[in-house]
Amino acid sequence: MELTQTQAQAWLASFATTILDHKAELNELDTAIGDGDHGTNMTRGVTQIQTVLQTSLPDLSTLLKQVAFAFISKVGGASGPLYGTAFLDMSNAAKQQSAELADLIQTGAAGIQRRGQAQVGDKTMLDVWQPVAQALAANQLTSQKIDTYLQATRDLVAKKGRASYLEERSRGHLDPGAQSSDYLFQTLLTVI
Ligand code: ADP
Ligand code: MG
Ligand code: MG
């Protein structure tokens, strides 16, 4: 199925409120294996996304580009450029190729991988993005599956980002970026 601009607007509005509701939780996850700011970082980004959603935008590609700029300019940290790259690449794909949802998310996952140089299994947001893209392509994405991908990050040892400094001690904690990505895709499911 193609993602419409109307669906994307509803998706990102719902994502924004979900992140705002879970700011403290995301900070706590990041306190355990990082520097405690993932909720604060994402809150700055989604607040800018709410501003973007109040403006009138001509098409899906432009919306995705403005969302990318919100992540890049407001979030900071490791996650800002990674989410920003994902949405910028999705914006370009929506303009030049297609707005097929599975293709867009696969493009976003590839952007995260290119920018962050992580592999699946490195305990990052990619551990949610990549299997979500695959499940969407198979038309088999469910809420339960997304949570399974998130929960699988708990037993992994981090190989990228701040959590990797902890080596074995990173095991036993959910990855914060995987949690925010879980919210991204849970809210996506509610609009499609
Ligand atoms: P910072 O670590 O700079 O404080 P955040 O706390 O906002 O940034 O984001 C941390 C999250 O970023 C991690 O939980 C992880 O999901 C993600 N991340 C970090 N480095 C990478 C990477 N190289 N590739 C993919 N995701 C990464
Ligand atoms: Mg952090
Ligand atoms: Mg930080």
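The values are calculated or read from the model by the stated rules, or taken from the named source; none is laboratory data. A quick note: this is a predicted structure, and the numbers were derived from the prediction, not measured. Cβ: placed from backbone, ideal geometry, glycine included. Neighbour counts: every protein chain shown. Ligands, DNA and RNA are stripped out before the accessible areas are found, and what is left, the full protein with its side chains, is counted by its heavy atoms. Shrake-Rupley method; radii C 1.70, N 1.55, O 1.52, S 1.80 Å.
Of note:
- Output for segment 170-182, where each listed residue is more than 16 Å from ligand 2 (Cβ to nearest atom) and either part of a helix (DSSP H, G or I) or buried (at least 24 other Cβ atoms within 10 Å of the Cβ) (or both): Asp182
Quick grid of which residues meet (1) among the hydroxyl-bearing types (Ser, Thr, Tyr); (2) on the phi < 0 side of the Ramachandran plot; (3) touching a strand residue (DSSP E or B) at 6+ places or on another chain (Cβ under 6 Å):
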{"residue": "Asp155", "(1), (2), (3)": "no, yes, no"}
{"residue": "Lys160", "(1), (2), (3)": "no, yes, no"}
{"residue": "Ser164", "(1), (2), (3)": "yes, yes, no"}
{"residue": "Glu167", "(1), (2), (3)": "no, no, no"}
{"residue": "Arg171", "(1), (2), (3)": "no, yes, no"}
{"residue": "Asp175", "(1), (2), (3)": "no, yes, no"}
{"residue": "Ala178", "(1), (2), (3)": "no, yes, no"}
{"residue": "Tyr183", "(1), (2), (3)": "yes, yes, no"}
{"residue": "Thr187", "(1), (2), (3)": "yes, yes, no"}
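- Residues in segment 44-74 that are open to solvent by 20 Å² or more (accessible area, probe 1.4 Å) and hydroxyl-bearing (Ser, Thr, Tyr) were compared, and the one that is farthest from Asp175 (Cα to Cα) is Ser56.
- Residue in segment 71-88 that is closer than 24 Å to Gln179 by Cβ, touching an Asp or Glu at 6+ places or on another chain (Cβ under 7 Å) and within 16 Å of ligand 3 (Cβ to nearest atom) present: yes
- Criterion (within 16 Å of ligand 2 (Cβ to nearest atom), buried (at least 17 other Cβ atoms within 10 Å of the Cβ) and either more than 15 Å from the chain's Cα centre (by Cα) or part of a loop (DSSP other than H, G, I, E, B) (or both)) met by exactly one of Asp103, Asp30, Asp35: Asp30
- Among (1) within 13 Å of ligand 1 (Cβ to nearest atom); (2) without any contact (Cβ under 8 Å) to a residue 12 or more places away in the chain, the one test that Lys160 misses: (2)
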